[in-house]
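This report refers to the structure that appears directly beneath it.
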Amino acid sequence: SAKEAGRDRMVLFDDELREKQLAVARTVERLRGALTRGEFVVYYQPLIRLDDERIAGFEALIRWQPAGEPMVPPDRFIGLAEDSGLIVPIGAWILRESCRVAAGWHRRHATVISVNVSPRQLREPDFGLLVLDVLRTSGLPPEALILEITEGVLVNSGLVTEQAISHLAMLRSHGVKVAIDDFGTGYSSLAYLRDLPIDHVKIDRSFMPAQDAPDPTAGVLIKAIIDLAAGLRLGTIAEGVETRAQVDLLRELGCVRAQGFYFSRPVPESDAARLLHEASTTNQTA
Ligand code: C2E
Ligand code: MG
Ligand code: MG
Ligand code: MG
């Protein structure tokens, strides 16, 4: 009967759901051991100054490399790490590791490092102290560290989240910089840009005008964001820059920095060091 068929579907659905939950539980279990097994790797993507197109710094982007398996991109495990709370130790690790590496680069090239911080990390009472300790032990000057947070971290259902704000205000008083990541994809009011403790706006790549679009309105939104940020004395970093035309448009609009495959994909530490070295050698002969 129809009733029985419906029940069968329910059983099937329950089985599938259970299967999915088991798969998630297994991944969380593997994620739990990944830190001690040393399976996380940091990739670095150059941030380019648009006035001279030189490397201003790098964004640290985490990768998971389980032994004998393909590399896992962050979109496949950051969500699980957040839900399970594992992002707290994992986030502390990437902060320590990328600041250690960046301190060496900073001494020679005065570059900055930009590190993603998840909402869960900012709810930890010790987050501010952790960052100060990482700076002390790495020797990286606070001014050379940018913390990337998303709009939702600071403003949740219209309410400013006080714990996150107080961590960031304290760290900024030490000189640490704060960037709003993926700007324009959240729902917060533009007025927050004026009131929140931030220094840079990272413009989400969805605002990047398409490759060879002769569409005259293509740059309207990105221009509005750049003008707004500049008016509020905030720095601007455009994400997802893939073509020469986009680079030229962004410079024309007054965007300060850009990041994207046009310049470089995220690369392992040794490749990033080589990029820096090549750039500085080119400078000496120029
Ligand atoms: P995000 O912070 O917005 O990082 C930028 C993402 O855009 C990176 O993806 C980068 O590889 C990609 N991207 C850069 N340039 C281009 C381009 O020209 N075209 C296109 N199509 N994509 C570009 P990735 O490394 O897969 O990271 C994805 C997201 O995972 C990040 O987005 C960030 O939200 C999160 N994530 C990465 N590492 C960490 C971490 O250490 N901690 C936390 N909490 N989140 C992280
Ligand atoms: Mg980011
Ligand atoms: Mg981003
Ligand atoms: Mg983005």
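The values are calculated or read from the model by the stated rules, or taken from the named source; none is laboratory data. Keep in mind the model is a prediction, meaning the values are calculated, not measured. A quick note on method: Cβ atoms are made from the backbone with ideal geometry, for glycine too, and the neighbour counts reach across all protein chains shown.
Data overview
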quantity: Qualifying positions in region 109-126 - out of contact with any Cys (no Cβ under 7 Å at 6 or more places or on another chain) and more than 8 Å from ligand 1 (Cβ to nearest atom); calculated: His109, Ala110, Thr111, Val112, Ser114, Pro119, Arg120, Leu122, Arg123, Glu124, Pro125, Asp126
quantity: Identity of the residue in region 44-60, touching a helix residue (DSSP H, G or I) at 6+ places or on another chain (Cβ under 8 Å) and part of a strand (DSSP E or B), that ends up farthest from Ile94 (Cα to Cα); calculated: Ile55
quantity: Enumeration of residues in region 242-286 that are of a type in the set (Ser, Thr, Tyr) and over 26 Å from Asp199 (Cα atoms); calculated: Thr243, Ser270, Ser280, Thr281, Thr282, Thr285
quantity: So Ile226, is it more than 16 Å from ligand 1 (Cβ to nearest atom), farther than 19 Å from Leu147 by Cα, buried (at least 18 other Cβ atoms within 10 Å of the Cβ) and aliphatic (A, V, I, L, M); calculated: yes
quantity: Pick from region 229-257, criterion within 15 Å of ligand 2 (Cβ to nearest atom) and either touching an Asp or Glu at 6+ places or on another chain (Cβ under 8 Å) or of a type in the set (S, T, N, Q) (or both), ranking: farthest from Ile203 (Cα to Cα); calculated: Gly235
quantity: Output for region 69-92, where each listed residue is more than 9 Å from ligand 1 (Cβ to nearest atom) and under 24 Å from Gln163 (Cα atoms); calculated: Gly79, Leu80, Asp83, Ser84, Gly85, Leu86, Val88, Pro89, Ala92
quantity: Conditions (1) in a helix (DSSP H, G or I); (2) among the basic types (Lys, Arg); (3) within 16 Å of ligand 2 (Cβ to nearest atom); number of the one not met by Arg63; calculated: (1)
quantity: Test result for Asp195, more than 16 Å from ligand 4 (Cβ to nearest atom) and of a type in the set (Asp, Glu); calculated: yes
quantity: Considering residues of region 95-126 that are part of a helix (DSSP H, G or I) and of a type in the set (Gly, Ala, Ser) only, the residue nearest to the chain's Cα centre (by Cα); calculated: Ser98
quantity: Single residue of region 127-184 satisfying the filter (assigned to a strand (DSSP E or B) and acidic (Asp, Glu)) that is surrounded by the most Cβ atoms within 10 Å (Cβ to Cβ); calculated: Asp181
quantity: Single residue of region 185-210 satisfying the filter (within 12 Å of ligand 3 (Cβ to nearest atom) and assigned to a helix (DSSP H, G or I)) that is nearest to the chain's Cα centre (by Cα); calculated: Arg205
quantity: Per-region count, region 75-106, residues free of Cβ contacts under 8 Å to residues at least 24 places away in the same chain and either buried (at least 16 other Cβ atoms within 10 Å of the Cβ) or farther than 16 Å from Arg120 by Cβ (or both); calculated: 3
quantity: Qualifying residue in region 241-252 (condition: part of a strand (DSSP E or B) and more than 10 Å from ligand 1 (Cβ to nearest atom)); calculated: no
quantity: Filter result for Ala179 (of a type in the set (Gly, Ala, Ser) and within 16 Å of ligand 1 (Cβ to nearest atom)); calculated: yes
quantity: Selection from region 15-38 of residues that are closer than 28 Å to Pro142 by Cα and either surrounded by 14 or more Cβ atoms within 10 Å (Cβ to Cβ) or of a type in the set (Lys, Arg) (or both); calculated: Leu35
quantity: Residues (among the polar types (S, T, N, Q), over 30 Å from Ile237 (Cβ atoms) and in contact (Cβ under 8 Å) with a residue 12 or more places away in the chain) located in region 25-48; calculated: Thr27
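Yes or no, residue by residue, for (1) within 16 Å of ligand 3 (Cβ to nearest atom); (2) modelled with pLDDT of 95 or more; (3) of a type in the set (Phe, Trp, Tyr):
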position	(1), (2), (3)
Glu97	no, yes, no
His109	no, yes, no
Ile113	yes, yes, no
Asn116	yes, yes, no
Arg120	no, no, no
Ser138	no, yes, no
